[in-house]
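Chemist: My questions all concern the structure below.
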Amino acid sequence: MATYGRDRRRRLTTEEMRLLYARANGLCQDCGVALDANWHSAHMAAYVTGGATQLDEMRAQCPKCNLGFGANDMEQVEGL
C-alpha cells in the first residue's frame, strides 16, 4: 500500500471509477455479488486513518461490504 498521509482528495475521478469497476469485472471484490449503480469505491486503508485516494489503493465493493468495514482498514477486519 502507499504510504499513509492525508490525501486531500476523498473521491476517485469518473475515469478512475470506470477503471476500478472494469478491474473488478463488475463484481464486489469481497463477496462477489454483481455491482449495481450504488456500488462503492472503497479505500483499502480507511480514509479517516490516512488512506490514500489512488486507484491502486481502492477496491470496488457493494454497499454492504464497504459499510461493514466502517473506519477500519481492510487488514484490521477479521476474515480478510
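Chemist: If you check every pair at least six apart or on different chains, which have Cβ atoms under 7 Å apart with a residue in the stretch 18-34 that is without any contact (Cβ under 8 Å) to a residue 60 or more places away in the chain first and a residue that is part of a helix (DSSP H, G or I) second?
Modeler: Leu19/Leu55; Leu20/Leu55; Cys28/Cys65; Asp30/Cys65; Cys31/Cys65
Chemist: Tell me the residue from Arg9, Arg18 that is among the charged types (D, E, K, R) and modelled with pLDDT of 85 or more, please.
Modeler: Values: Arg9 fails: modelled with pLDDT of 85 or more.
Exactly one of Arg9, Arg18 is among the charged types (D, E, K, R) and modelled with pLDDT of 85 or more, namely Arg18.
Chemist: Could you tell me which residue of the stretch 21-55 is modelled with the highest pLDDT, considering only residues that are part of a loop (DSSP other than H, G, I, E, B), open to solvent by 40 Å² or more (accessible area, probe 1.4 Å) and more than 18 Å from Leu67 (Cβ to Cβ)?
Modeler: Asn25
The values are calculated or read from the model by the stated rules, or taken from the named source; none is laboratory data. Please read all numbers here as calculations on a predicted model, not as lab measurements. Using ideal geometry, Cβ is built from the backbone for each residue, glycine included, and neighbour counts are taken over all protein chains shown. Note: areas computed on protein heavy atoms with side chains; ligands, DNA, RNA excluded. Shrake-Rupley method; radii C 1.70, N 1.55, O 1.52, S 1.80 Å.
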